[in-house]
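> Can you keep this structure in mind? I'll have questions shortly.
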Amino acid sequence: MKIINQIFMTVVTVVVMYQVSLGQEKTPVKDFNAKWQLDADKTDFGDLPKQYVPTFLALTQTKDAFTIERKFVDLAEPTKQTLTLDGKPQESKDEGQEIVRTLALSENKKVLTVNTKIHVIPNDQDPFDITRIETYVLAEDGMTLMLTRTSIMPDGAKQTAKALYNKLK
């Protein structure tokens, strides 16, 4: 009887450990959840004007979505977007623009990518498109975040900046 109890307890332990490991895969990674301050000295603004690089980020992840709040030098109010982790495009309209965004989280949960297509409809010109790719890479220690922000202009020209952010305590 003692051997049967030991076998039973071993099986129960293995099943519980397996279920816990499955649950961990579905649990959101909390490392991105933080407020991040731009380190301008360690940022390569490249071809992108400095005012197009956020000076502050607040990232919040829930089970199904990410909320990204950005502050820019020339905007009085921060911008805020909530994007779902299901990969479905999210559409919005804003004064002469149609915007479609998608969000992807890498398998290792250390790289977050936001793809944005902006269809601009000016009053006195032909419409044009801008593509923006933002890649957020979390450092292994979780204390720094690298944002690579690339805009592809209507003529195909690329403007890229690589911004380093420090986690605020």
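Nothing in this text is a laboratory measurement; each read-out follows from the coordinates by a stated rule. Predicted model, so just to flag it, every value in this text is computed and none were measured. Here the Cβ positions follow ideal geometry from the backbone for every residue, glycine too, while neighbour counts run over all protein chains shown.
> Show me, for segment 44-51, the HN-Hα J-couplings you get by feeding each phi into the Karplus relation (A = 6.51, B = -1.76, C = 1.60, θ = phi - 60°), rounded to Hz, glycine and proline as x.
9, 6, x, 8, 8, x, 4, 5
> Give me the extension gain from ALA139 to LYS110: residue separation times 0.36 nm, minus the current Cα-Cα distance, reported in nm with one decimal.
9.7 nm
> Here is a follow-up. Note the per residue figure in Å³ for the convex hull of the C-alpha positions in segment 28-167.
Once divided by residue count, the hull of segment 28-167 is 115 Å³.
> Would you order ASP47, ASP94 from fewest to most other beta-carbon atoms within 10 Å of each residue's own beta-carbon?
The most exposed by this proxy come first: ASP94, ASP47.
> What are the GluC sites (Glu not before Pro) within segment 67-169 that DSSP puts in a loop, where the Cβ has at most 13 other Cβ atoms within 10 Å?
GLU95, GLU107, GLU140
> Work out from phi, with θ = phi - 60° and the Karplus expression 6.51 cos²θ - 1.76 cosθ + 1.60, the ³J(HN,Hα) of each residue of segment 118-131, listed in order in whole Hz, and give x for Gly and Pro.
Along segment 118-131, the couplings run 10, 9, 9, 10, x, 5, 10, 9, 6, x, 8, 10, 10, 10 Hz.
> Could you go through segment 90-105 in sequence order and give the Karplus-derived ³J(HN,Hα) for each residue, using 6.51 cos²θ - 1.76 cosθ + 1.60 with θ = phi - 60°, rounded to whole Hz, and x for Gly and Pro?
With the stated coefficients, segment 90-105 comes to 10, 10, 8, 10, 8, 3, x, 9, 10, 10, 10, 10, 10, 10, 9, 10 Hz.
> Cβ under 10 Å from LEU164's Cβ, LEU164 left aside: what net charge do those residues give with Lys, Arg +1 and Asp, Glu -1?
Result for the local shell: -1.
> Something else: Quick one: of LYS42/LYS110; LYS109/LYS169; LYS88/LYS167, which pairs are farther than 27 Å apart, Cα to Cα?
LYS88/LYS167
> Any idea what the relative contact order of segment 28-167 is, in percent, if you count C-alpha pairs under 8 Å spaced at least 6 apart?
23 percent
> Within the set of other residues whose C-beta is less than 10 Å from the C-beta of THR148, count the net charge using Lys and Arg as +1 and Asp and Glu as -1.
Charge balance near THR148 sits at 0.
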